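Inspection log for the structure reproduced underneath, given as structure tokens.
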Amino acid sequence: MRNGQTHLFIPGPTNIPEAVRQAMNVPMQDMRAPDFGDLTLPLFPGLKKVFKTDSRVFMFPGSGTGAWEAAISNTLNTGDKVLMSRFGQFSHLWVDMCERLGLDVVCIDVDWGKGVPLDEYAKVLEADKTHEIKAVFATQNETATGVTSDIAGVRQVLNALDHPALLFVDGVSSIASIDFRMDEWGIDLAVAGSQKGFMMPAGLSMLGVSEKALEAHKSGRMARCYFSFEDMLKMNDDGYFPYTPPTQLFYGLKKSLELMEEEGLENIFARHNRLAEGVRCAIAAWEGCRLCADDTKWHSDTVSAIVVPEDVDAKDVLSIGYHKYRTSFGAGLARLSGKVFRIGHLGDLNEVMCLAALGAAEISLYEAGAHIELGSGVAAAQAHFAGTAGASMKIAAE
Ligand SMILES: *Cc1c(COP(=O)(O)O)cnc(C)c1O
């Protein structure tokens, strides 16, 4: 039975703007045609603007995980020592990939609810006098816990010690949604995927690569083939790809970049912050619930992971939301299963969509046995939205 819309409030794939969906509805075309570059070439400067880099951006057919692998396999050598931290399922998976690709991983485990441990990084890097550590990894936005880390801070740590390690940043759930400055923060490899802030289907992974990383690529000996920078470099400048590219996704990206340009990156960040604040007000109003992020400095503007009361099973909240209210929330991942559900508030989203998400979350929590007052979260978010001017309202008024 279909009665009205289903609702998607997971932190990726996110809601796709109608204009982007329409833009992808095109007939197939020849990816070796002489004018194929008319479509593809403008995408590179468009992406560079979003990454805030003057260096290189690659696009691989694949999900964000593919860009992780591309970053590693193109710039490092088997056995290289790398510094990482783990504080949620996504940072965990990145560590796992590095280990499986044969890197010598120094991993700092942090409580799930906190982010990249700058002091610990500084200690490890300071002790590394011979610069054995070739790369430092940081997950800017841990999507499993709703924790945002200080990437400029990681750069400062490296600079203060004059440490030459490459800086890898997972920006899959942050780039195009919250502040990200590849060049200014001295990021060497910046990983993104199409189905989060870029408001597109999954299938395109984007990777920002600094000049220094391109240099490292020349001596990197790890086996690579599908994700080879070299093959991309040979073809990209003419607008072509070493294998069949996802043409429809390029049309989608073209439209999504246009929408971002129209709204303005800073307005996009402000909108995400405003919507996230509304969600956080609601969570604060729900008796017995709290954010997984354990300090305001970690609060993510793209996803909120909500710890439910002890006597409530978060899986029930998800199930009631999905089956009874046709609304999807993000599940609690790995050790957070049953304890946490997540509201994704990134991409193509506005106040009323957030209120709908909160209304559905609230009734699902209530029916799952949480002793919260119906309407309390929605009212708190409404009060926040009513009491603050919105970037999106300003655009609508213009
Ligand atoms: C979604 C996500 C990934 C994985 O991306 P896929 O597109 O599913 O491969 C990696 N890191 C973070 C932070 C994410 O949010």
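The values are calculated or read from the model by the stated rules, or taken from the named source; none is laboratory data. As the structure is a computational prediction, the values presented were derived from the model and not from experiment. Neighbour counts run over all protein chains shown; Cβ positions are idealised from the backbone, glycine included. Note: accessible area is taken over every heavy atom of the protein model, side chains too, but ligands, DNA and RNA are not part of it. Shrake-Rupley method; radii C 1.70, N 1.55, O 1.52, S 1.80 Å.
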Pairwise centroid distance, computed over Cα atoms, of the stretch 316-369 with the stretch 229-280, Å: 27
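Which order do you get for T75, T130 if you rank them by accessible area with a 1.4 Å probe, largest at the top? If you can, show how the numbers build up before the last one.
Working: T75 10, T130 105 Å².
From most accessible down to least: T130, T75.
Where does the charge balance sit around L275 when Lys and Arg score +1, Asp and Glu -1, over other residues with C-beta under 13 Å from its C-beta? Intermediate values should be presented prior to the final figure.
Working: positive: R271, R274, R280; negative: E277, D301, D348, E351.
Around L275, the charge tally is -1.
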When the chain is fully extended, how far beyond the present Cα-Cα distance does H131 get from M353, taking 0.36 nm per residue of separation? 75.0 nm
Whole-Hz ³J(HN,Hα) for each residue in the stretch 226-233, computed from phi via Karplus 6.51 cos²θ - 1.76 cosθ + 1.60 with θ = phi - 60°, x for glycine and proline: what do you get? 4, 9, 4, 5, 4, 5, 5, 4
Quick one: 3J(HN,Hα) in Hz for the stretch 81-87, Karplus 6.51/-1.76/1.60 with θ = phi - 60°, rounded, Gly and Pro as x. 8, 9, 10, 9, 9, 10, 8
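Taking square-rooted eigenvalues a ≥ b ≥ c of the alpha carbon gyration tensor, is the stretch 18-262 rounded, prolate or oblate, where a/c under 1.5 means rounded and, failing that, a/b exceeding b/c means prolate?
On the way: a/c = 2.05, a/b = 1.59, b/c = 1.29.
It is prolate, given that a/c is not under 1.5 and a/b is the larger ratio.
Please identify every one of the trypsin sites (Lys or Arg not before Pro) in the stretch 40-140 that sits in a loop by DSSP and has no more than 11 other beta carbons within 10 Å of its own beta carbon.
Numbers: sites: K48, K49, K52, R56, K81, R86, R100, K114, K123, K129, K134; in loops: K52, K129.
In loop regions of the stretch 40-140 (DSSP not H, G, I, E or B), the sparsely surrounded trypsin sites (Lys or Arg not before Pro) are K129.
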With a 10 Å cut-off between alpha carbons and a GNM built on the chain, which of T302, T143, T78 moves the most? T78
So how much slack lies between D311 and D162, counting 0.36 nm per residue of separation and subtracting their Cα-Cα distance, in nm? 48.6 nm
For helix 89-100, what angle does its Cα long axis make with the longest principal axis of the chain, in degrees from 0 to 90 and rounded to 10? 30
Given backbone amide H placed at 1.01 Å from N, residues whose amide H is under 5 Å from that of V136, ignoring those fewer than 5 places away on the same chain, are L83, L166, L167, F168
Expressed as an acute angle from 0 to 90° and rounded to the nearest 10, what is the orientation of the C-alpha long axis of helix 351-367 relative to the principal long axis of the chain? 60
Which one, N74, N159, N15, has the greatest fluctuation when you compute a Gaussian network model over the chain with C-alpha springs under 10 angstrom? N159
Given the C-alpha centroids of the stretch 139-154 and the stretch 1-40, what is the distance between them in whole angstrom? 28
Excluding residues fewer than 8 places away in the same chain, name every one of the lysines whose C-alpha is closer than 17 Å to that of K234. K218
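How would you classify the stretch 62-187 from its alpha-carbon gyration tensor, with a ≥ b ≥ c the square roots of the eigenvalues: rounded for a/c under 1.5, else prolate if a/b is greater than b/c, otherwise oblate?
Details: a/c = 1.35, a/b = 1.13, b/c = 1.19.
Because its axes are fairly even, with a/c under 1.5, the stretch 62-187 counts as rounded.
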DSSP loop chymotrypsin sites (Phe, Trp or Tyr not before Pro) in the stretch 226-282 with at most 11 other Cβ atoms within 10 Å of their Cβ, which ones? Y243
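Rounded to the nearest 5, what % of the DSSP beta bridges within the stretch 18-262 are antiparallel ones? Mind dumping the intermediate values first?
Values: 13 of 31 bridges.
DSSP beta bridges in the stretch 18-262 are roughly 40 percent antiparallel.
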Which cross-chain or sequence-distant (5 or more) residues have an amide H under 5 Å from the amide H of T327, H modelled 1.01 Å from N in plane? H7, Y322
So, over other residues within a Cβ distance under 11 Å of Y325, counting Lys, Arg +1 and Asp, Glu -1, the net charge is 0
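If you stretched the chain out fully between K49 and E367, how much longer would it get, using 0.36 nm times the residue separation minus the C-alpha to C-alpha distance? Display every interim value, and only then the final one.
Numbers: separation 318, 0.36 × 318 = 114.48 nm, distance 4.52 nm.
Result: 110.0 nm gained on full extension.
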Carbon/sulfur accessible area of the chain, % of total, 1.4 Å probe, equals 52
Any idea how far apart E266 and C225 come out in nm if each label point goes 7 Å out from Cα toward Cβ? 4.8
Accessible area of the stretch 18-262 divided out per residue, in Å², using a probe of 1.4 angstrom: 39
